[in-house]
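Inspection log for the structure reproduced underneath, given as structure tokens.
The values are calculated or read from the model by the stated rules, or taken from the named source; none is laboratory data. Note that the structure is predicted; figures quoted are calculated from it, not measured. Note that each Cβ is placed from the backbone with ideal geometry, even for glycine, and that neighbours are counted across all protein chains shown. The accessibility values were calculated without ligands, DNA or RNA, using every heavy atom of the protein model including side chains. Shrake-Rupley method; radii C 1.70, N 1.55, O 1.52, S 1.80 Å.
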Amino acid sequence: MLNCIVIDDEQFSVDAILKYIGLIPGLNVTGVFTDPVRALSAVSSATDIDLLFMDVDMPSLSGLELARALRAKTQKLVFTTAHSKYAFEAYEADGDAFLLKPYTFGRFSTTINRLFPEKSSLKAGNDYFLVKSKEDDLAIVKIRFDDVIAFESAQNYVKIYLDGDKVLTAYLTLKDVTQLVRSRPDFMQFHRAFIISTGQIAHIRGNTIQMSNGMTFNVGDSYKENFGAFLENKLLVTSRGKH
């Protein structure tokens, strides 16, 4: 588990980040502070802090000033603020990431996965992966790669289409999925919103791909070269008439 502390003087911002933290397996909140002065006292004596989320614009003591005092107490420091003007100063204060409010869960989870790749919200085995399912009240569900038809990006989450007309929704990004399947050549991307299992392709007509569950999409312009290479490798053509 990664121990997290949140420091932000706005309660609605605290509530938002706590919601996001709760959606990622392996994150454990050990402290929440809306008063930066109290945070300075408490965190100074704390131990085993892996991740510190800190607002920048706070009364009495700014996040930048607080960071200089507490940076050595945490493995990773993430600044959160509604003001992009603080970005340079945040990195000068040795911040590891900068989240500009309001940020999406996709942006949040991508940041966590970048800072702690070994704690990615997608956990994979040789033949399966684990993911939190929105339909199952965020229960962790085991999914076999062989059962996956396609992954579809849908704003702040990803839909996972499975055999048997089953669809799961997970609070992930397509970038997370790309990392998950990067060692599996049977999964390919021919459209900006889809990563598909090529073994689940039912028909191809021109640039239109139909999957085994009836879902169709057109090959995106920027993916046509890869799609052409895929067809060249897989399409069986007769050798009659060739000498």
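Structure values in brief
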quantity	calculated
Positive-end residue, the chain charge dipole about Cα centroid, Cβ charges, pick of 109, 86, 14	109
The stretch 134-243: relative contact order as a whole-number percent, Cα under 8 Å and 6+ apart	18 percent
Farthest toward positive dipole pole in the chain [+1 Lys/Arg, -1 Asp/Glu at C-beta], among 180, 217, 139	217
Mean Cα-pair separation over length for the stretch 44-168, i.e. relative contact order, pairs under 8 Å, 6 or more apart, %	14 percent
Lys, Arg +1 and Asp, Glu -1 on Cβ, resulting dipole of the chain about Cα centre, debye, nearest 20	960 debye
MRE, 222 nm, helices only [DSSP H, n ≥ 4, -39500 (n - 2.57), over the chain, to nearest 500]	-7500 deg cm²/dmol
The chain - percent of accessible surface contributed by carbon and sulfur, probe 1.4 Å	47 percent
Length added when fully stretched, residue 207-residue 231, from 0.36 nm per residue minus Cα-Cα	7.5 nm
Computed label-point distance, nm, for sites residue 128 and residue 166 using a 7 Å Cα→Cβ extension	1.0 nm
Given 19/166; 19/132; 73/142; 101/142, the pairs whose alpha carbons are separated by over 24 Å	19/166; 73/142; 101/142
Charged-residue dipole, Cβ positions (Lys, Arg, Asp, Glu), the stretch 1-130 about Cα centre, Debye nearest 20	260 debye
Solvent-accessible area per residue for the chain (1.4 angstrom probe, square angstrom)	54 Å²
Size of electric dipole in the stretch 126-198: Cβ of Lys, Arg +1 and of Asp, Glu -1, about Cα centre, debye, nearest 20	320 debye
Inter-label distance, nm, simple model (7 Å from Cα along the C-beta direction), residue 35/residue 221	5.8 nm
Rough spin-label spacing in nm, given labels placed 7 Å along Cα→Cβ, for residue 11 and residue 154	3.3 nm
Reach of residue 234 by Cα under 14 Å, taken over aspartates and glutamates that are not fewer than 8 positions away in the same chain	186
Accessible area (Å², 1.4 Å probe, nearest 10) - residue 96	40 Å²
